[in-house]
Amino acid sequence: MKTYFVNGTYYYCPVDLTLSIVGGRWKGIVIWNLRNGAMRFSELKKTLVTINDKMLSQVLKELEENGVVSRTVMSNIPPKVEYALTEEGLTLLPIMQAMSNYGSKFEKE
């Protein structure tokens, strides 16, 4: 049996590992919202209406630690921070698109 070791945790199934990286209430939605390019914290917050600042910060930090999202600090005054998908994060978009297609089947008319 193959084992996978990421961030101090052993996984015995690659699906379980993937879900630990992108699973949860907000991670997938953040990834999906970054699909068209970099966004500032406030822009993300506006698209994720019911998320609070602390949770968004935590989700972005976890995605950054896992190499899915990059954080760029601009040297403007006041400082400006943008979040974008990394090359690794971009590889998740076909999966997210398939999930979007599946979820769209349940749209109420």
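Every number here is computed from the coordinates shown, using simple stated rules; none is lab data. These numbers were taken from a predicted model, which means no experiment stands behind them. Cβ placement follows ideal geometry from the backbone for every residue including glycine, while neighbour counts extend to all protein chains displayed.
The set of residues from segment 82-109 being more than 11 Å from the chain's Cα centre (by Cα), outside any helix (DSSP H, G or I) and surrounded by 13 or more Cβ atoms within 10 Å (Cβ to Cβ) comprises just one member, Glu82.
Only residues that are within 22 Å of Ile95 (Cα to Cα) and exposed (fewer than 11 other Cβ atoms within 10 Å of the Cβ): list them for segment 26-52, please.
The first filter runs over segment 26-52 and keeps only residues within 22 Å of Ile95 (Cα to Cα), leaving 26-39, 44, 47-48.
Asn36, Gly37, listed by residue number.
Within segment 64-81, take every residue that is touching a strand residue (DSSP E or B) at 6+ places or on another chain (Cβ under 9 Å) and touching a residue at least 40 places away in the same chain (Cβ under 8 Å) and give me the one that is surrounded by the fewest Cβ atoms within 10 Å (Cβ to Cβ). Break it down into steps so the answer makes sense when it comes.
Here is the first cut: in segment 64-81, the residues touching a strand residue (DSSP E or B) at 6+ places or on another chain (Cβ under 9 Å) are 64, 66, 68-74, 79-81.
Right, trim to touching a residue at least 40 places away in the same chain (Cβ under 8 Å) and you get 66, 68, 80-81.
Working: Asn66: 17, Val68: 22, Lys80: 12, Val81: 14.
Step by step, filter segment 64-81, then rank; the result is Lys80.
Of everything in segment 34-63 that's of a type in the set (Lys, Arg) and over 11 Å from the mean Cα position of the chain (by Cα), which residue is nearest to Tyr83 (Cα to Cα)? Checking each candidate, the answer is Arg40.
Against the conditions (1) without any contact (Cβ under 8 Å) to a residue 60 or more places away in the chain; (2) of a type in the set (A, V, I, L, M, F, W, C); (3) crowded, with 17+ Cβ neighbours inside 10 Å, Met55 satisfies every one except (3). Just to be sure I understand, how many residues within segment 25-35 are part of a loop (DSSP other than H, G, I, E, B) and under 13 Å from Val69 (Cα atoms)? Of the residues in that region, 2 qualify.
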